[in-house]
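Chemist: A single structure is presented below for examination.
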Amino acid sequence: MTVTPQELGSRIRRSRKLAVLTLREVSEQLAKNYDMLLTHTSLGRIERGEQKPNLGVLAALAQTYDSCIPRWFGLNSGPEHPQEVARTIVSAQRMLNSMYDDHPD
């Protein structure tokens, strides 16, 4: 299954809204909890599919939203075994790379 940057962003936005957080609140939480400096503007670009997030950002957002990265990529629920986790991360990274390579700004 191929996910476009816009679909990924929409799924991330949906998770944020379910967590009842604003972009500014998320930016503040990422700075406080993960020492990650992402502005609310950058987060908005990610949600619109205009900016490529790295896996660290996706992991922090998933944790903040109590969500799951594989779900954002249309994969089944998260894996339980370490080897499956590794395969899922590699798959997510490949999908992330290919979706942004195929859709330049």
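Chemist: Kindly provide the set of residues from the stretch 1-28 that are in contact (Cβ under 8 Å) with a residue 40 or more places away in the chain, touching a helix residue (DSSP H, G or I) at 6+ places or on another chain (Cβ under 8 Å) and part of a loop (DSSP other than H, G, I, E, B), ordered by number.
Modeler: Answer for the stretch 1-28, where residues must be in contact (Cβ under 8 Å) with a residue 40 or more places away in the chain, touching a helix residue (DSSP H, G or I) at 6+ places or on another chain (Cβ under 8 Å) and part of a loop (DSSP other than H, G, I, E, B): Thr2, Val3, Thr4, Ala19, Leu21.
Chemist: Now for a different question. Taking the condition assigned to a helix (DSSP H, G or I) and either in contact with a Ser or Thr (Cβ under 9 Å, 6 or more places away or on another chain) or surrounded by 17 or more Cβ atoms within 10 Å (Cβ to Cβ) (or both), does Ala31 pass?
Modeler: No, not satisfied.
Chemist: Sticking with this structure for a sec: State all residues of the stretch 34-44 that are in a helix (DSSP H, G or I) and surrounded by 18 or more Cβ atoms within 10 Å (Cβ to Cβ); if no residue qualifies, say none.
Modeler: Passing the criteria: only Leu43.
Chemist: Taking the conditions exactly as written (under 21 Å from Asn97 (Cβ atoms) and not charged (D, E, K, R)), does Ala19 satisfy them or not?
Modeler: Considered against the rule, which asks whether it is under 21 Å from Asn97 (Cβ atoms) and not charged (D, E, K, R), Ala19 comes out as no.
Chemist: Taking the stretch 46-68, which residues are surrounded by fewer than 16 Cβ atoms within 10 Å (Cβ to Cβ) and part of a helix (DSSP H, G or I)?
Modeler: Residues satisfying the conditions are Arg48, Leu55, Gly56, Ala59, Gln63.
Chemist: For the stretch 69-86, give me each residue that is modelled with pLDDT of 70 or more, part of a helix (DSSP H, G or I) and exposed (fewer than 15 other Cβ atoms within 10 Å of the Cβ).
Modeler: Arg71
The values are calculated or read from the model by the stated rules, or taken from the named source; none is laboratory data. Model, not experiment: these values are computed from the prediction. Cβ: placed from backbone, ideal geometry, glycine included. Neighbour counts: every protein chain shown.
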